[in-house]
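Some notes on the structure that comes next.
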Amino acid sequence: MRRPITLIKPDRQQGYALFIVLMMMVVIALLVVTATQSYNTEQRISTNDADRKFATTLAEAALRKGENQIFDIEGKKTTFTAKCEKGLCSTPNVKSNGDFTEEGNPTEDAWKRKCDKSLCIDVNGERYSQGENSPRFIIEYLGTNSADKRTIYRVTAKAWGKNKNTQVVLQSYVASE
């Protein structure tokens, strides 16, 4: 024989199932929010990394152009100034050997030096290419090595990424042959 089915009367229902489903929905919503924030953070990190790599590539190209420009100034009467006109900067505590003239008496390294309110490399640095945010470079005469009579220069290049806050500065030392 079958037992009769008894229904629970509405006044005796507890509602546990509704409470459990709501708690599961809250937990799932928190997991989704956390995953979304993590994804956004990772995307910002990868975008910034790509922008820095882009700026580094531009700075390397400007650095190579500055190194190649040394061949053009070598052996010519060239003026290095404290304000880095034409991208040629005088250096603190370095005296010319007669092939070059230096104007002004700078007190700090050229890539840190200010011309008015901006850095000299930003204002007077030679542009790698045309454009407002084109990478720039400066060349500093560092002196002549007394042992082998080689002239030493420091080339500093600065480039910006697509984001204006991304800046890369590279330097190299070049000794003439």
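The numbers here are math on the coordinates, done by the rules we state, and not lab data. These figures come from a predicted structure and were not determined experimentally. Glycine gets a Cβ as well: all are built from the backbone with ideal geometry, and neighbour counts include every protein chain shown.
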Neighbour-count ranking [beta-carbon atoms within 10 angstrom, fewest first] of GLU177, GLU85 | GLU177, GLU85
For the chain, whose charge dipole is built from +1 on Lys and Arg Cβ atoms and -1 on Asp and Glu Cβ atoms, the candidate among LEU31, ILE45, THR151 with its Cα farthest towards the positive end is LEU31
Determine the relative contact order of the chain: mean sequence separation of Cα pairs under 8 Å and six or more apart, normalised by residue count, in whole percent.
-> 21
Of the cross-linked pairs LYS86/LYS117; LYS65/LYS114; LYS86/LYS158; LYS65/LYS117; LYS112/LYS164, which ones have a Cα-Cα span greater than 20 Å in the structure shown?
-> LYS65/LYS114; LYS65/LYS117
Quote to one decimal, in nm, the extra length available between LYS149 and ASP122 on full extension: 0.36 nm per residue of separation minus the C-alpha distance between them.
-> 6.5 nm
Segment SER46-PHE71, extension gain: residue separation times 0.36 nm, minus the distance between their alpha carbons = 5.1 nm
Net charge near LYS162, counting Lys/Arg +1 and Asp/Glu -1 over other residues with Cβ under 12 Å of its Cβ?
-> +2
How far is helix 16-73 tilted off the main Cα axis of the chain, in degrees rounded to 10, range 0 to 90?
-> 10
Local charge sum around ASP51 (other residues, Cβ-Cβ under 13 Å, Lys/Arg +1, Asp/Glu -1)?
-> +4
Would you mind computing, in nm to one decimal, how far apart the modelled labels at LYS162 and ARG2 are, each placed 7 Å from Cα along Cα→Cβ?
-> 7.0
When N is the residue count of the stretch 53-175, what does its C-alpha Rg come to as a fraction of 2.2 N^0.38 Å?
-> 1.03
Here the residues of the stretch 107-144 lying in the modelled label zone of ASN93, meaning backbone nitrogen under 12 Å from a point 7 Å along Cα-to-Cβ, are 107-109
How much of the DSSP beta bridge set in the stretch 53-175 is antiparallel, as a percent to the nearest 5?
-> 75
